[in-house]
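See structure below.
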Ligand SMILES: Cc1cc2nc3c(=O)[nH]c(=O)nc-3n(C[C@H](O)[C@H](O)[C@H](O)COP(=O)(O)OP(=O)(O)OC[C@H]3O[C@@H](n4cnc5c(N)ncnc54)[C@H](O)[C@@H]3O)c2cc1C
């Protein structure tokens, strides 16, 4: 192929989503290239920082299918109940693993730990070649082939593949370079993320609490800690980040209340500006977008990575299915079916997350009353609650093999 290095599948981005795809496709007789701006294991890689990731039950199934769940579970805390409430008001609802007849609604693990497990496994995959550190600086495709231009060690190279997958995150170069249409929302909010140790045991309960300044999530972690995602208005971020530990604990306690007793210790803090972005077209000839490159969500519902992992499972199903049938893994049929399969889930989760973030940040009394009545109704109506639980667990709709806990092929 013109002297350019040629792959069956080239993945741009070795974050949690791209690395998961590389691993899921490994062992199937394909030549896979994984391009990332950071060398694998680079401690400065921001995708694998200390943020706590709530993994839905459906993500556990996908990791089981990939054979990595046990390693992830070694340092993951189960979520057995989710408690949703509105600060200072009557409405609340609660979801429980027992009611849904599963051992856990989901699990909490740090991005760092998930990254360590994925990268350790990838090291043993002779068919996945890391092309890193390398920066993708150009992309093009036609009916026959997709090409990326990279800069590596000060030199330019061109690589080509039958299927190019963009997993290059929220500010995706590939998405921008191809001019794919997007819908975007800005919230004027940022998430302050840390962990706290409460005086009472968390008993594996996750809390979603809605306050006037924005939502708060508290997720159970190992060693009795809880991960905090505290949404604050942009103009408050600096102030909250600058508080000393005691003042931070005091301010957070005032927002969350005393359901878990007194918060006694706090970990390192980090802040992330929040926006929501979703592509309305996720494929081009021989190119598919997955993960945050296709949808970047408000973290309040803890769905971004879970949604990305479902993109991985669907694409793997279609590409390996085509390969097994002697068809083209990057052909029009695979890409058309991928886009159709994922569109509804991506749109629904983005809209629901956006709705949650907006409705629950709205201080107007009629909106408050409506949402409190809504939550109360949800709590009194088991079928509606089951539907909400199924959505939170990521097990709705047609499920690919991996999402049923089966190996990719
Ligand atoms: C505070 C917070 C809390 C969250 N909590 C949850 C949660 O509880 N549950 C959940 O499911 N999700 C959660 N999320 C979302 C989740 O973190 C993301 O959805 C997920 O990390 C996205 O992974 P990704 O691989 O798609 O993108 P990224 O992690 O952004 O990876 C992109 C990769 O592409 C590489 N790259 C980019 N451009 C180039 C280029 N031009 N050339 C070469 N390489 C390039 C980057 O180096 C990077 O490695 C949270 C997010 C935040 C901010």
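Summary table below
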{"read-out": "Cα gyration tensor category, rounded, prolate or oblate, for the stretch 229-367 with a/c compared to 1.5", "value": "prolate"}
{"read-out": "Residues 230, 57, 130, 185 arranged by fewest to most Cβ contacts within 10 Å", "value": "185, 130, 57, 230"}
{"read-out": "Sorted by Cβ density within 10 Å, fewest first, the residues 245, 168", "value": "245, 168"}
{"read-out": "Proxy reagent accessibility, fewest Cβ within 10 Å first, across 295, 38, 250", "value": "250, 38, 295"}
{"read-out": "Rounded to 10°, Cα long-axis angle of helix 365-380 versus longest principal axis of the chain", "value": "80"}
{"read-out": "For the stretch 244-309, Kirkwood radius (reciprocal of mean inverse C-alpha pair distance, Å)", "value": "15.2"}
{"read-out": "Between 0 and 90°, nearest 10: helix 382-393 axis offset from the chain longest Cα axis", "value": "50"}
{"read-out": "Helix axis angle, 245-256 relative to the chain longest principal axis, alpha carbon, degrees", "value": "80"}
{"read-out": "Length-normalised contact order for the chain - Cα pairs under 8 Å, 6+ apart - percent", "value": "22"}
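Coordinate-derived values only; no laboratory data. This structure is a prediction, so every number in the text was calculated from the model and none was measured. No Cβ is skipped: glycine too gets one built from the backbone with ideal geometry, and neighbour counts run over all protein chains shown.
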